[in-house]
Structure formats: C-alpha cells, structure tokens
Amino acid sequence: AVPRGTPGLSRPSLSAGSQLPCFHGSSTIRNLKERFHMNMTEEQLQLLIEQMVDGSMRSITTKLYDGFQYL
C-alpha cells in the first residue's frame, strides 16, 4: 500500500471524538480509509480506476445524467 491520502485522514481522526453525528460510531474512519482504497498498490488502484471509468462510460444512468446536464 502507498502513503497517499494519509495526511488527509488526520483531521477526521481528530474529529472522531466530536459531537457531530457523522463521526459517531467506530466505523467512520475505517469507511473513509476503504473509500480511498488505502490498502491498494498504485497498480491496483490504477486498474480499479480504469474499471470504474469504463463502467461509468457504459452505464445508462451516466448517459441519462449527462443528457440532463445539457438541458
């Protein structure tokens, strides 16, 4: 895994003890790390992003949303 994004996680880690509802529960920081795919190598991350872009390009909902934005 690579260190990308690690500094950005320090602020939410500090906020984990706050009274804000979004920081309640022990899974907040873990979910944030999962969302940024912190456990992947650069090569794995590049493949994942390519798959996500390809899937988005083939998605009917993407085409519908793009059409909506042209209105």
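The values are calculated or read from the model by the stated rules, or taken from the named source; none is laboratory data. What you see is a predicted model; the values in this text were computed from it and never measured. Reconstructed Cβ throughout: ideal geometry from the backbone, glycine too, with neighbour counts over all protein chains shown.
Take segment 45-60 and flag every residue that is of a type outside the set (A, V, I, L, M, F, W, C) and within 27 Å of LYS33 (Cβ to Cβ). If you could, list the steps in order and put the result at the bottom.
Let us first name the residues in segment 45-60 that are of a type outside the set (A, V, I, L, M, F, W, C), namely 46, 50-51, 54-56, 58-59.
Residues satisfying the conditions are GLN46, GLU50, GLN51, ASP54, GLY55, SER56, SER59.
Please determine whether any residue of segment 37-46 is at pLDDT 90 or above, of a type in the set (A, V, I, L, M, F, W, C) and surrounded by 10 or more Cβ atoms within 10 Å (Cβ to Cβ).
Yes, that holds for at least one residue.
Among the residues of segment 27-36, what is the count of those that are surrounded by 12 or more Cβ atoms within 10 Å (Cβ to Cβ) and part of a helix (DSSP H, G or I)? Break it down into steps so the answer makes sense when it comes.
Of the residues in segment 27-36, the ones surrounded by 12 or more Cβ atoms within 10 Å (Cβ to Cβ) are 28-29, 32-33, 36.
This time we only want the ones that are part of a helix (DSSP H, G or I), so: 28-29, 32-33.
Matching residues across segment 27-36 total 4.
When you scan segment 47-64, how many residues do you find that are surrounded by 11 or more Cβ atoms within 10 Å (Cβ to Cβ) and either in a helix (DSSP H, G or I) or touching a strand residue (DSSP E or B) at 6+ places or on another chain (Cβ under 7 Å) (or both)? Show your work before the answer.
Going through segment 47-64, the residues surrounded by 11 or more Cβ atoms within 10 Å (Cβ to Cβ) turn out to be 47-49, 56, 59, 62-63.
This time we only want the ones that are either in a helix (DSSP H, G or I) or touching a strand residue (DSSP E or B) at 6+ places or on another chain (Cβ under 7 Å) (or both), so: 47-49, 56, 62-63.
Of the residues in that region, 6 qualify.
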